[in-house]
Amino acid sequence: MARPVIDEDECIGCGICVDACPNAVLEVVGGTVDAVNEDACVGCGDCLEECPMGAITEIAED
């Protein structure tokens, strides 16, 4: 599986990635996005593609 990693210095908290995620992995918390449900991430990449700031990467986990 994968998990999203958000660069808080780049994230503007717009929530576009939150809306793009089909599994409710992300949420805007305190003005930036946070992965609040990492276990639900399937590594689809929708959040990466939609982030206008390029603030999200995914890392693979065993």
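Every number in this text was worked out from the coordinates using simple rules, so none of it is lab data. Note that the structure is a prediction, hence the values are computed from the model and not measured. Cβ: placed from backbone, ideal geometry, glycine included. Neighbour counts: every protein chain shown.
Observations
- Of the residues G15, L48, M1, the one whose Cα sits farthest toward the positive end of the charge dipole of the chain, with +1 on the Cβ of Lys and Arg and -1 on the Cβ of Asp and Glu, is G15.
- For the chain, a simple Cβ point-charge model (Lys and Arg +1, Asp and Glu -1, everything else neutral) yields a dipole of about 120 debye relative to the Cα centre.
- Taking amide H as placed 1.01 Å from N in the peptide plane, the amide H of E58 sits under 5 Å from that of V5, each at least 5 places away or on another chain.
- Residue separation of V42 and D19 scaled by 0.36 nm, minus their Cα-Cα distance, works out to 6.7 nm of gained length.
- Whole-percent P(r), the range 1-55, all Cα pairs, 5 Å bins from 0: 4, 25, 36, 25, 9, 0.
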